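All remarks here apply to the structure that follows.
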Amino acid sequence: MKLLVVGSGGREHALAWRLAQSQAVQLVYVAPGNGGTAREPGLQNLPITDLDELAEFVTREKIAFTVVGPEAPLAAGIVDHFRSKSLKIFGPTRLAARLESSKDFAKAFMSRHGIPTARYQTFADAAQAHAYVDTEGAPIVIKADGLAAGKGVVVAQTLAEAHAAIDAMLLDNRMGDAGARVVIEEFLEGEEASFIVMVDGRNILPLASSQDHKRLRDGDTGPNTGGMGAYSPAPVVTPEIHARVMREIIRPTVEAMAAEGTPYTGFLYAGLMIDAQGKPRTLEFNCRLGDPETQPIMMRIRSDFMRVFEHAIAGTLDRAEIDWDRRCALGVVLAAAHYPDDPRKGDAIAGLPAQSNDLGDDCMAFHAGTAARDGQILTSGGRVLCVAALGDSVRTAQARAYRAIEKLAFDGMQFRRDIGYRALARSNRP
Ligand code: AMP
Ligand code: GLY
């Protein structure tokens, strides 16, 4: 059979790579794909992004099913569109995707259903937002309501920063429509984790836990990014906390979405803050897999992942299971010069193997912002590569990933040297 993965990032490369390993899969199209998916065995790039054209292609080529990577096509209704043409697709409908596409929707939904999250209020009026921040004090968190590609959240340490963020979003219109309303919420302390599950409307299949590193520089300093590295599993998610997240957050969310007439299908990603007492709260929902969390997660899947999607699309996820590699996987993102503000494009990447993305030694180079030109791979976006490795411990996986990175180079290459540090600190504790 042939499959289609929609998207062009490292997440889609990893997902399509894993799907292509299924015995039953002949070819996985990636639309539009990147420089790495272009040369990955079993994958083929498809230069189409228009929804109608994609649906026509899927019909004509008899694609068995489609999996959607990024949030934008989901929020634009790709799932509704494909289903109206009886095409099989895994992802949430436009209405269900509001859990990510509108922070105000997500917060109101959580308070309606008693799902633990930070206290908040939503404002369209700047004067009222300023007054609210003055009564609440700092630190405080200001979020653009709509999709802002990971740039819509300001964790303000001071009142001055909070006021500036409100003005930037509500008055200067710096986020466009996404910032026409802001959610202002209580600052939560604790350790973050990414908790991603597959949902078929009713049944839930959790993926392995993971942890992202959102800041640009070592020690979680510098500006927020889309994510500079990740590993799986995340030891902060103990079996007790896992059970609590399922009971207090994931199951109530899936049940309430169904009860409200917008049953949830697709990947559901809860960004968690876990406090010192082990209580998880939801910082955000995403209606998709995380990037770069997906890259280490895919490294650990040993089962035929295509079969899991068949169950998810048929509504029989209760009969699916995933066999996880017991080892740890860790991925380090290599970002372009001047990422995240103004990433430079067109730098040649040296050191990649000529024909594949397999770096040997249980190590993969998943591509994101790359393009192939004249036999060369060039940078073409902010996050360029994610080098992911497996190892018996976090330390081994980390050492392998960094050893592989030593062979790669491009002008202005930026990466963190401490991916996995929280897990290492835990394993060093007596
Ligand atoms: P979000 O896109 O909502 O996940 O926010 C991006 C990042 O901002 C999160 O990964 C957290 O590091 C931080 N953040 C968001 N909301 C809060 C909060 N209520 N308290 C503390 N940090 C937060
Ligand atoms: N790595 C965070 C995200 O995908 O939203």
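A few notes on this one:
- The residue pairs whose first member lies in the range 115-133 and is surrounded by 15 or more Cβ atoms within 10 Å (Cβ to Cβ), whose second member is part of a loop (DSSP other than H, G, I, E, B) and of a type in the set (K, R), and whose beta carbons are closer than 9 Å, counting only pairs six or more residues apart or on different chains, are P116/K279; T122/R181; F123/R181.
- Residue that is surrounded by the fewest Cβ atoms within 10 Å (Cβ to Cβ) [pool: residues in the range 33-52 that are touching a residue at least 60 places away in the same chain (Cβ under 8 Å) and in contact with a strand residue (DSSP E or B) (Cβ under 6 Å, 6 or more places away or on another chain)]: A38
- Residue that is nearest to the chain's Cα centre (by Cα), among those in the range 111-144 that are farther than 16 Å from T282 by Cα and either part of a loop (DSSP other than H, G, I, E, B) or within 16 Å of ligand 2 (Cβ to nearest atom) (or both): A144
- Checking each residue in the range 99-118 for being among the basic types (K, R), within 16 Å of ligand 1 (Cβ to nearest atom) and at pLDDT 95 or above picks out no residue at all.
- Selection from the range 43-59 of residues that are assigned to a loop (DSSP other than H, G, I, E, B) and within 8 Å of A31 (Cα to Cα): L46, P47, I48, T49
- Matching residues, the range 260-293, being closer than 13 Å to F195 by Cα, among the basic types (K, R) and surrounded by fewer than 24 Cβ atoms within 10 Å (Cβ to Cβ): R281
- Scoring R251 on the criteria (1) surrounded by fewer than 19 Cβ atoms within 10 Å (Cβ to Cβ); (2) in contact with a strand residue (DSSP E or B) (Cβ under 6 Å, 6 or more places away or on another chain); (3) charged (D, E, K, R) leaves a single failure, condition (2).
- Of the candidates A148, A193, the single residue that is closer than 30 Å to Y231 by Cβ, at pLDDT 95 or above and within 21 Å of the chain's Cα centre (by Cα) is A193.
- Only one of A371, A404, A389, A365 that is in contact (Cβ under 8 Å) with a residue 40 or more places away in the chain and in a helix (DSSP H, G or I): A404
- Qualifying residues in the range 177-198 (those that are over 19 Å from H213 (Cβ atoms) and outside any strand (DSSP E or B)) - the one nearest to ligand 2 (Cβ to nearest atom): A178
Here is a yes/no grid of residues against (1) free of Cβ contacts under 8 Å to residues at least 24 places away in the same chain; (2) away from ligand 1 (no atom under 14 Å from the Cβ); (3) closer than 24 Å to R18 by Cβ:
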site: L216; (1), (2), (3): no, no, no
site: P235; (1), (2), (3): no, yes, yes
site: A243; (1), (2), (3): yes, yes, no
site: P252; (1), (2), (3): no, yes, no
site: G271; (1), (2), (3): no, no, yes
site: G278; (1), (2), (3): no, yes, no
site: R281; (1), (2), (3): no, no, no
site: C287; (1), (2), (3): no, no, yes
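Here is a yes/no grid of residues against (1) acidic (D, E); (2) farther than 17 Å from A368 by Cβ; (3) more than 22 Å from the chain's Cα centre (by Cα):
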site: A14; (1), (2), (3): no, no, no
site: R18; (1), (2), (3): no, no, no
site: A31; (1), (2), (3): no, no, no
site: E40; (1), (2), (3): yes, no, no
site: Q44; (1), (2), (3): no, yes, yes
site: D50; (1), (2), (3): yes, yes, yes
site: L54; (1), (2), (3): no, yes, yes
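- The range 134-144, residues that are surrounded by 17 or more Cβ atoms within 10 Å (Cβ to Cβ) and acidic (D, E): E136
The values are calculated or read from the model by the stated rules, or taken from the named source; none is laboratory data. Keep in mind that this is a model prediction, so the values were computed, not measured. Here the Cβ is made from the backbone with ideal geometry for all residues, glycine too, and neighbour counts use every protein chain on show.
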